[in-house]
Amino acid sequence: MIANTHKYEMLKLERQLCFPLYVVSKEIVRKYKPFLDEIDLTYTQYITMMVLWEENEILVKNLGEKLFLDSGTLTPVLNGLEKKGYVTRRRSETDKRDVYIVITEKGLSLRDKAVEIPLKMGACVPIDPEKAMVLYQTLHEMMEKF
């Protein structure tokens, strides 16, 4: 006896929003790799540095929230950046449980090497600018709800 196929319609890969998001995300990160290799950063280190180029220092907890990363993922990223001399850690004077990540001069100077990466990536992503803006807005609306 054949099961009711309509019951399983939503399990088809082609019906899943998560699958194209996963594929595109994975492929975009793959396209970043050669540019990030030139400055010796992983993608996760790169987005971490982007926050620090804006903020100069930030609580580890707030950094994790901003990047949607848990401490188990963020800690090795920060260890790697600290080993490269791009960041340092500083305990809060008022609450020793709070740890700040502070960008170093070396980390700040890395920004000059990274400044061309967004433009290079723009040339690698096959999407019309208007559609890119709609996608950007839609994804950010979704992120705000997580």
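Odds and ends about this structure:
So that you can scan it fast, the table gives a plain yes or no per residue for (1) part of a helix (DSSP H, G or I); (2) more than 14 Å from Asp40 (Cα to Cα); (3) among the basic types (Lys, Arg):
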| residue | (1), (2), (3) |
| --- | --- |
| Thr75 | yes, yes, no |
| Gly85 | no, no, no |
| Arg89 | no, yes, yes |
| Glu93 | no, yes, no |
| Lys106 | yes, no, yes |
| Leu119 | yes, yes, no |
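- Residues of the stretch 110-138 that are of a type in the set (Val, Ile, Thr) and either touching a Cys at 6+ places or on another chain (Cβ under 9 Å) or loosely packed, with under 11 Cβ neighbours inside 10 Å (or both): Val115, Thr138.
- Selection from the stretch 85-109 of residues that are surrounded by 15 or more Cβ atoms within 10 Å (Cβ to Cβ) and within 17 Å of Ile39 (Cβ to Cβ): Tyr86, Val87, Ile103, Thr104, Gly107
- So Phe19, is it touching a residue at least 60 places away in the same chain (Cβ under 8 Å), assigned to a helix (DSSP H, G or I) and aromatic (Phe, Trp, Tyr): no
No value in this document is a laboratory result; all are computed from the given coordinates. The model shown is predicted, which means the values in this text are computed figures rather than measured ones. Here Cβ is always computed from backbone atoms with ideal geometry, including for glycine, and neighbour counts include all displayed protein chains.
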